[in-house]
Amino acid sequence: MSGGINWRGIAAIYFFEIHRFGRTIWTSLMTPVITTSLYFIVFGSAIGSRMTEIDGIAYASFIVPGLIMLSMFQESIFNASFGIYMPKWTGTIYELLSAPLSAIETVIAYVGAAASKSMMIGLVIFATAHLFVDVHVAHPLLMLGFMMLIAVSFCLFGFILGVWAQNFEQLQVVPLLVIMPMTFLGGAFYSIHMLPEPWRTITLFNPVIYLISGFRWTFFGKGDVAIGISISVVAAMLLICIAVIHWVFKTGYRLKK
């Protein structure tokens with residue numbers, strides 16, 4: 001324990017979650033590799049042969065940021081929600097709440113572990129993409145920073161979902177019925193400038209478009225919306241999630257049955 005922060009407690013939870021991931025690491029890593037390969041075969045080859053470029057970018061390269069974001073959204077939410085839901089399900093949440101860990105230390109441990117897994121998956125998909133297309137990143141440091149910001153933001157959202165969920169079905173409903181459709185409609189595989197009105201304007205109300213556009217900007221220096229707006233949306237999401245988690249621990253909402 002140093003400087004008022006229980007780093008030993010944080011590390012214990014963090015490495016426990018990482019170890020749980022390690023038990024299924026080959027399945028966890030092979031799934032996105034296979035999925036990414038299938039996306040490139042279907043979208044990159046079949047559709048890319050008919051739509052060669054978007055905004056001067058080869059279509060196969062254009063979809064790489066969207067593919068990474070698609071998987072990172074899902075992995076971040078799943079890992080963070082499952083991580084905090086399991087102690088609730090097994091009843092060990094009471095041991096966690098009575099441990100010498102503050103709310104912020106608990107969140108750092110669970111969200112940090114989930115974000116690390118998500119970043120690993122994102123980088124694996126990025127490496128897999130190079131097997132199919134030559135991708136050059138215009139701003140590599142910004143790309144990594146944006147990946148980390150997205151991972152932490154969605155892991156915080158996943159943590160909230162895990163606290164809210166009362167069964168395994170509820171853990172799946174938001175990622176499958178909300179996040180995935182928003183991602184597919186958020187410009188993961190196309191530019192919103194290709195859409196006719198009023199759909200182009202309606203799409204701007206989808207927050208995911210700003211996340212994918214900002215991440216794509218770090219690759220190509222181009223995006224559907226200004227990079228400043230994209231960063232502002234991610235920052236707003238981060239702050240909202242932090243505020244909600246603060247309220248959850250303050251009120252004990254669904255942490256105790």
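Bear in mind these aren't lab numbers, they're just calculated from the coordinates by the rules spelled out. What you see is a predicted model, and the numbers here were worked out from it, not measured in a lab. FYI the Cβ positions are ideal-geometry reconstructions off the backbone, even for glycines, and counts take in every protein chain you see.
Computed from Cα positions, the angle between helix 208-220 and the longest principal axis of the chain comes to roughly 60 degrees. According to the calculation over all Cα-Cα pairs in the range 180-221, the P(r) per 10 Å bin from zero is 31, 57, 12 %.
The chymotrypsin sites (Phe, Trp or Tyr not before Pro) of the range 157-257 that DSSP puts in a loop, and whose beta carbon has at most 10 other beta carbons within 10 Å, are F205. Distance between the modelled labels on I34 and A12, one decimal in nanometres: 3.8 nm (7 Å Cα→Cβ projection). The length gained by stretching the chain between L97 and Q172 to full extension, at 0.36 nm per residue less their Cα-Cα distance, is 24.5 nm. Legend: ranking of residues E53, E169 from fewest to most surrounding C-beta atoms inside 10 Å; resulting order E169, E53. Comparing L177, I231, A109 along the charge dipole axis of the chain, the residue lying farthest to the positive side is A109, per the Cβ-charge model.
The Cα-based radius of gyration of the chain, divided by its Kirkwood radius, gives an Rg/Rh of 0.99. So if we plug the beta-carbon distance of R20 and I240 into 1/(1 + (r/R0)^6) with R0 = 22 Å, what FRET efficiency do we get, rounded to 0.05? Efficiency, from the Cβ-Cβ distance: 0.20.
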